[in-house]
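*Asks:* Below is the structure I would like to discuss, written out as structure tokens.
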Amino acid sequence: MKLIHCSDLHLDSKMETNLTADKASERNREILGGFGRMVEYAVREGVGAVLISGDMFDTSRVTKKTADFILDTIKEAKEIDFFYLRGNHDESAKAFSGRKLPENLYMFSEKWKSYRRGQIVISGIEPVSEDYGEIYDMPELNCYDINIVMLHGQAASRTGRELIDISRLKDRFIDYIALGHLHSYRCEKLDARGEWCYSGCFEGRGFDECGSKGFVVLETENNIIRHEFVPFAQRQLYEIKTDISGLSTLSEIRRALETSAEGISERSLVSFVLTGSYRPDTQKDIKYFLSEMQRKFYFVKIRDESRLFIDKNDYRYDKTIKGEFVRTVLDSDYTDDQKDRIICMGIQALSGEEIVL
Amino acid sequence: MKLISCHIENFGTLSKRDFTFSDGLTVIKEENGFGKTTLADFIKAMFYGLPKSGHRDLRQNDRKRYVPWNGGNFGGSLVFETGGKKYRIERTFGKSSSSDGFKLFDSNTNRISGDYSKNIGEELFGLDCGSFMRSAYIPQLFRDSSFGTDKIKEKLIGSVRDEDPSVGLEAAVDAIKKKRTSLKLYKGRGGSIDETEDSLSDVRISIDRGNEARKRLEERLVKHSEIQKKIKEKKTETDNIRHQIDESMEYGKNELLIKENKRLQDEKKDIETEISKLNEKYSGGFPDEGEISELRKIAGELDMIETRSPQKSVSMPAELESKFRNGLPSEEDINKYRKKYDEFISADTELSGIGLSEPDEKELSELESFFSVGKPDDNELDRLDSDEAALSEMKIKLDSYGLSPDERNEFSELEEFFKDKVPEKSDIEEGRKKLESIESLKQKGKGDFISADKDLVGAERPLALRGAVFMVLGVGLAAAGIFLLLMSAPVFAAVLPIGGIVVFLWGLRLVLLSSYKSKAHDSFSDRNNGADQNEGEAAELEKELDDFLLIYFSDISSPIYDLTLLDTRLERFLNLSRRKNELEEKFSEEQKKYIDEQNKLGDFLRRYYGDGFDIKNARSFISDLRQKRRDCLRLEEKRRLSLDKKTDCEERKDSLGSDIEAFLKSYYSDGVESVHYSKLLSDLQRDSQEYRSISDKIEEQKTSERDEKEKADSLKAEFDGILKKYGISPQRPYRDFINAVYADLVKLSELKNNKNKNSISIEKFVEENGDVSGIIIPTDYVDADTLRERETSAQEELDSLSKKELECLRNIEALREEAESLPAYEDELERLEQRLGEDKNKQYLLDETIKMLQKANDNLSLSYTAAVREGFRTYEAFLSAESEGEVFISPDLKVELERAGASRDLGYFSAGSADIVMLCIRLSLVDAMFENEKPFIILDDPFVNLDDRHTERALETLSRLSEDRQIIYLVCNSSRVPTNTNK
């Protein structure tokens, strides 16, 4: 039997702040569409069950439209059973309130619940206690079954809120712990028999979720369960550092940015991080770089972490206002970043150049 | 750099003046009003041009102030050297700066040089005009203790280099401020920060709304759950009620069965009881239908007979008996007397109509009263008519005794003409004679008189002709009048003769006039020798004649005519008078007769009419009298005839009345009066008819009673016979009794029938429903109707809840839509807050940059003020024997001196002290600003306020300074001219 393990869809959730409202909506639609595509994939591949290990919604933001879409999609794929374990973001989920749930949607609760599908037993719990202690009161599993356990939390070596002490789940005849909570794929050995795995989120929502996203396909055969990560995200997020040290003109810096982003699909969301140092006369026009790069990718963000390089000795004997100004700023209490910017702006102003904020 | 020379074409008071400047000190000593300050301003204008002519104040408007008084070319030239090169500036000035001209020549090649532009002053000195005036130009009164322009400061701190683009601190700060204001204005609202804050505010409001919607959505969802719960409960309740209804209906059905069973059983019992009662009652059996029918019939008759109320025996009323005790009158008799009564009434009617009517009576009475004095007979009336006719004739005749109207008019005119002076014939004759005398005297007197009037010559012939015509005409008219008079046409008779006479006289006049004129002409020459005496007599006679004629005429130009006319009129007057008198006499006689006759007639008629008689209408009175007589006679005859008729009628009436009375008295003892005849006869007829009728009825009654009794006995016997067979004793009323028997019979039959039916019903009931005696029904079950009501109520509540649910869902949808927009607003809020933070940070950094620039500037200022202070000390030492005190120079180059422990503005000090201080400051400032190539200095009599000692030292200093710089010293007083100087 084939199963799909996915989690952390965070439908309707907040996107990267710098995305415009339209683009944020578009991304949310893409994520929602991703679920539909996943179900199509499941139908196409003959998947028998889809395990959703929590955080399907960003509860406070979920819309009726989204909830209806999910339920309709599930209902239409009536040959597939959907097992839905609510996560921390689903805690107060009212996403499905007032709606009739499809018959092929199976929910879990605060108590251990199991569903049998042939030889496969899918168990899960949505703990509510402070230390998630009820996880470890798992009913005894049959060693002859293929036991899949669905949990949502942070894999840890201790108990606690949203923490799952993996060590306490060892040797319980668990073949696969379908975890949710982390947004990147990760798979580790549980014990001699089983593994625990985070499927990661469907689509990156911010630049802290860079990398490949998708779901895990499980296949059982001869009492053995194999899994494979399937990248499925429509867009990928990249954070690229670009060193602008030694570069002074707009073109040089632009070329450096382009070079560092070589090979990245134009559908991607890219965050450029300017690093290194620059001089006061360096043509560091962030807006220009942004407009240039945004023509190449779906979304571009530029974070400037470069530092102004100023040798105080260069201005020691500079009797001009500029020299005095630089000396004054360097001797002030501003932060380094502030100093850099003040000096840049002052020099630009004294030079009659455009002041770049 | 140094000045070499200048040529002033026209600049204020200076015109076509040349000045040469030496390398060191150039002293230009001129009197007041020469234009020293003008020269200094000229030099400044050569380097800086003239400002735009804006100010009305001449002191601030050099262009206006220095317009050449002589109207020539406004401008000049200046030769200077800088950087080893000589240049010549040529400038002209117009009314505005746009019409100014500038040329720069290389003095060596005399070609136009592009080394400097028209802003040569700033380019050379690095100072704007104001700064230049505050530094290199030292005027007489320079009490402004602040001379720190930006350019001076920049120059001091060297922030502007020749090779750098000249933005300067000020420009830099402006640029930063501009950037800053794009983020946030310094005053008021504006900028991206405010815009972002506004957007934030809006978004927050939207978020609040969204939160509110979310909260309400939560509430609504809860409410929806409650409603759903209630719906569920209500549905359950409704279902329960429906179940109860079914049960109730089942119970109801059983109850009905039990009732029905009971009813059938009771019915059976009742029927059997009734049947046994009837059987007991009719133990002997029941008569059959036929017998019942017969009995009924008999009973009906018997009852009818017995129940018939005994006929009231008819008897004759006593009064009728009494009335007709002597016999009954026949109809014929009564009719006969009715007919007599009619005749009696008609006689009475006729009687009342006999006699004169009331109007006739009245009229007759009036006529008799009118003819109380006796009626005139026909002869008297005829005689009255003839008398009246005669009177009329006499009247006519009387009227004819008098002048005709024309004659009367004429007579009046003549009376008027003559007034009271009727002349005699002799007077007229005498007049004629006088006239003749006058003529003859005149003829005698005027023999030699010649008349020049030639008109008179030919005048007499037409006049004579006309006169003849008039005379003929006049004769003709007079004859016609006389003829008519004879024909009794007095009007024409009077007019025509008179007219004829007048015409005749006019013609005569014309003839005489023509004769007179002829004579006058003929004798004119005869009278030429005229005798005065004859003329005098003539005149006298003329006067007498004129006096006579003037009595009657106003115009006496023709005396002979006048005399003739007078004669004629007199004649006529006399005739008319005579005639009038005659007619009056006649009239008087006839009138007397007329009056007598009139009185006679009047007396007769007054006997009848009294004072109302009017003789003028005697004819009508006579006619009236005749008529009255006729009427009176007619009415009298009429009265006589009616009296005769009345007597006959009365006799007839009395006879009839007696007959009728006699007839009625035999029936009415109380007396009979004629007014009651009709009623009494009618009563008699009626009473007799009634009497007859009653008699018939009495007879009829007797016969009937007899027959009925016989019949009743027979029927009774038959009736008893039938009932006896069944042992039934009859009761009265028989009919009711038999009906009751019949009803019992019918009832029995029905009861038997019902009994059968009941048995069948019971069998059927048992067959259908079985034995229902064992069925138990709960006593407390609620009937189906009540339950149905509850069901309806519950259903209504359910419907209401459904509606509420629907409404709730609608609300939820609407709130959901609003709530679901919340995340978007929250995201937007975050974006805006981030943007706001960034912008505020930028604003902060820009402000700090400005602060840092200003701080840097101040730092530098401190450094150059030190240099200026140092220079000041040096120059102070030169110019002043003692120190003026600690000097403070602010970064703005504002100068203050220390006194009594505090720094004070120069305004507090004497002019001399202040001048020394400012001079030192200026000189040290120039040293500080121009470290390398020092510019020239223009001193415009700056030592005016110094005392001799300080003046001497100042002049020494001046000499000393001029050793290494060019100084142009303008002075008006030789006491302030340094010795050994170039002038």
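*Asks:* Six or more apart or on different chains, Cβ under 8 Å: which pairs go from a residue in region A:22-36 that's within 14 Å of chain B (Cβ to nearest Cβ) to one that's open to solvent by 50 Å² or more (accessible area, probe 1.4 Å) and in a helix (DSSP H, G or I)? Could you list them?
*Replies:* A:24/B:824; A:25/B:824; A:32/A:69
Let's see how each residue does on (1) part of a helix (DSSP H, G or I); (2) open to solvent by 20 Å² or more (accessible area, probe 1.4 Å); (3) in contact with a strand residue (DSSP E or B) (Cβ under 8 Å, 6 or more places away or on another chain):
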residue	(1), (2), (3)
B:3	no, no, yes
B:8	no, no, yes
B:27	no, no, yes
B:51	no, yes, no
B:55	no, yes, no
B:64	yes, yes, no
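*Asks:* With the requirement that a residue be more than 8 Å from chain B (Cβ to nearest Cβ) and closer than 20 Å to residue A:319 by Cβ, what does region A:338-355 give you?
*Replies:* Matches in region A:338-355: A:343, A:347.
*Asks:* Condition check: part of a helix (DSSP H, G or I), of a type outside the set (S, T, N, Q) and under 27 Å from residue B:364 (Cα atoms). Does residue B:611 satisfy that?
*Replies:* yes
*Asks:* Further question: Return yes when residue B:573 is of a type in the set (Phe, Trp, Tyr) and either farther than 14 Å from residue B:428 by Cα or open to solvent by 80 Å² or more (accessible area, probe 1.4 Å) (or both) and no when it is not.
*Replies:* yes
*Asks:* Tell me, which strands (runs of 3 or more DSSP E) lie completely within region A:211-277 with 1 or more residues that are open to solvent by 50 Å² or more (accessible area, probe 1.4 Å)?
*Replies:* It comes to A:214-221, A:224-231, A:237-243.
*Asks:* Still on this structure: Could you figure out which of (1) among the charged types (D, E, K, R); (2) at pLDDT below 90; (3) buried (at least 16 other Cβ atoms within 10 Å of the Cβ) isn't true of residue B:586?
*Replies:* Condition not satisfied by residue B:586: (3).
*Asks:* Would you point out which residue out of B:827, B:839 is at pLDDT 90 or above and facing chain A (nearest Cβ under 9 Å)?
*Replies:* After applying the criteria, what remains is B:839.
*Asks:* Something else about it: In the set B:794, B:866, which member is exposed (fewer than 14 other Cβ atoms within 10 Å of the Cβ), more than 9 Å from chain A (Cβ to nearest Cβ), aliphatic (A, V, I, L, M) and not in a loop (DSSP other than H, G, I, E, B)?
*Replies:* Just a single option satisfies the conditions, and that option is B:866.
*Asks:* Which residue is most open to solvent (accessible area, probe 1.4 Å), if the candidates are limited to region A:1-18 and must be within 14 Å of chain B (Cβ to nearest Cβ) and either under 15 Å from the mean Cα position of the chain (by Cα) or at pLDDT 85 or above (or both)?
*Replies:* Taking the candidates together, the pick is A:14.
*Asks:* Out of B:169, B:127, report the one residue that is more than 14 Å from every other protein chain (Cβ to nearest Cβ), modelled with pLDDT of 60 or more and farther than 18 Å from residue B:895 by Cα.
*Replies:* On inspection, the qualifying residue turns out to be B:127.
*Asks:* Are any residues in region B:797-824 open to solvent by 60 Å² or more (accessible area, probe 1.4 Å), closer than 30 Å to residue B:237 by Cα, within 14 Å of another protein chain (Cβ to nearest Cβ) and not hydrophobic (A, V, I, L, M, F, W, C), and if so, which ones?
*Replies:* The answer is B:810, B:813.
*Asks:* Please go through region A:296-337 and give me each residue that is within 14 Å of chain B (Cβ to nearest Cβ), within 29 Å of the chain's Cα centre (by Cα) and among the aliphatic types (A, V, I, L, M), ordered by number.
*Replies:* A:302 - this is the single residue of region A:296-337 that is within 14 Å of chain B (Cβ to nearest Cβ), within 29 Å of the chain's Cα centre (by Cα) and among the aliphatic types (A, V, I, L, M).
*Asks:* Another question about this same structure. Working carefully through the options A:322, A:301, find the one that is open to solvent by 40 Å² or more (accessible area, probe 1.4 Å) and in contact (Cβ under 8 Å) with a residue 60 or more places away in the chain.
*Replies:* Criteria check complete, one pass: A:301.
*Asks:* Do we have residue B:694 as in a helix (DSSP H, G or I), over 21 Å from residue B:335 (Cβ atoms) and at pLDDT below 90 here?
*Replies:* Spelling it out, it is not the case that residue B:694 is in a helix (DSSP H, G or I), over 21 Å from residue B:335 (Cβ atoms) and at pLDDT below 90.
*Asks:* Residue A:274 fails exactly one of the following numbered conditions: (1) touching a helix residue (DSSP H, G or I) at 6+ places or on another chain (Cβ under 7 Å); (2) hydrophobic (A, V, I, L, M, F, W, C); (3) under 20 Å from residue A:353 (Cβ atoms). What is the number of that condition?
*Replies:* It is condition (1) that residue A:274 fails.
*Asks:* Looking only at region A:129-175, how many residues end up being surrounded by 15 or more Cβ atoms within 10 Å (Cβ to Cβ), at positive phi and at pLDDT below 90?
*Replies:* 1
*Asks:* What is the residue count in region B:634-660 for residues that are of a type in the set (A, V, I, L, M, F, W, C), at pLDDT 90 or above and out of contact with any Phe, Trp or Tyr (no Cβ under 8 Å at 6 or more places or on another chain)?
*Replies:* 1
*Asks:* Okay, moving on. For the subset of region A:24-55 comprising residues that are of a type in the set (D, E, K, R) and touching a Leu at 6+ places or on another chain (Cβ under 9 Å), which member is most open to solvent (accessible area, probe 1.4 Å)?
*Replies:* Checking each candidate, the answer is A:26.
*Asks:* Report, ordered by the first and then the second residue, all pairs with beta carbons closer than 9 Å, sequence separation of six or more or different chains, a first member in region B:178-204 that is at positive phi, and a second member that is modelled with pLDDT of 90 or more and not in a helix (DSSP H, G or I).
*Replies:* Matching pairs, first to second residue: B:190/B:184; B:191/B:184; B:191/B:185.
*Asks:* Looking at (1) within 14 Å of chain B (Cβ to nearest Cβ); (2) farther than 18 Å from residue A:203 by Cα; (3) out of contact with any Lys or Arg (no Cβ under 6 Å at 6 or more places or on another chain), which is the one condition that is false for residue A:64?
*Replies:* (3)
The values are calculated or read from the model by the stated rules, or taken from the named source; none is laboratory data. Quantities reported herein were computed from a predicted structural model and do not represent experimental measurements. All Cβ positions, even for glycine, are placed from backbone atoms using ideal geometry, and neighbour counts span all protein chains on display. Side chains included, ligands, DNA and RNA excluded: accessible areas come from the protein's heavy atoms. Shrake-Rupley method; radii C 1.70, N 1.55, O 1.52, S 1.80 Å.
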